[in-house]
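What follows is a set of notes on a single structure, which appears directly below.
The values are calculated or read from the model by the stated rules, or taken from the named source; none is laboratory data. This one's a predicted model, so the numbers in the text were calculated from it and none came from an experiment. Please note: Cβ atoms are built from the backbone with ideal geometry, for glycine as well, and neighbour counts cover all protein chains shown.
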Amino acid sequence: MTGTFNKYCAIHRTAALSVAFKLSKNKAQAEDVVQEAMIKIYRAWDRFDPGDGNPTLVAKRWLMHIVHNEFINIHNKKVRDREQVNHVTNMMIGTYVELENGHDPRPAMSEGIGDEVERAFDTLEPELREVARRCDLEGQSYKQIAEEMGTPIGTVTSRLHRARKNLKPLLTRYAKEWYRLSHD
């Protein structure tokens, strides 16, 4: 089995790496994609049947198809993970606002989430913190915030962008760790 696998499929590893790199634009990810594809083909090699076609070309086509699908699977997993981290980050920001307003949501969550979020929010300039709280957590429109704060909508947009940009790196690592621990 290994001999025919090497003869018909493994010889296309370099071409598969090239395709995976073009898809991912990342050498390490391309290598992971090809490794997973090769493992999948090797495990199913006993079912390989080139039919009337050239076995080398059929194996190459099969490998490229699996490389493409594996890249899509990895990409979709990253997107799902990113969405989960964003959700957890937003939940932690909400926890901060609830704590700030005198409500303690922590019994439903692990102890300490509020402290991390509070530290992140405390790094923001007051006007950035206010705009982020009003928009992202209270659901106010840009127009509403602008009217209540007496500032132009463009200023609200700019402050919100800067607040989110400043909060994201502070909470993303923590959100990933919290998400990982809560799903183990």
Log entry, pairs with first residue in region 131-152 being surrounded by 13 or more Cβ atoms within 10 Å (Cβ to Cβ), second being at pLDDT below 90 and not in a helix (DSSP H, G or I), beta carbons closer than 6 Å, six or more apart or on different chains, reads 134/140
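So that you can scan it fast, the table gives a plain yes or no per residue for (1) at pLDDT 85 or above; (2) at positive phi:
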position: 6; (1), (2): no, no
position: 17; (1), (2): yes, no
position: 25; (1), (2): yes, yes
position: 28; (1), (2): yes, no
position: 33; (1), (2): yes, no
position: 38; (1), (2): yes, no
position: 58; (1), (2): yes, no
Scan region 147-184 for residues that are of a type in the set (Asp, Glu), in a helix (DSSP H, G or I) and modelled with pLDDT under 85 and jot them down.
177
Please determine whether any residue of region 102-109 is modelled with pLDDT of 65 or more and assigned to a helix (DSSP H, G or I).
no
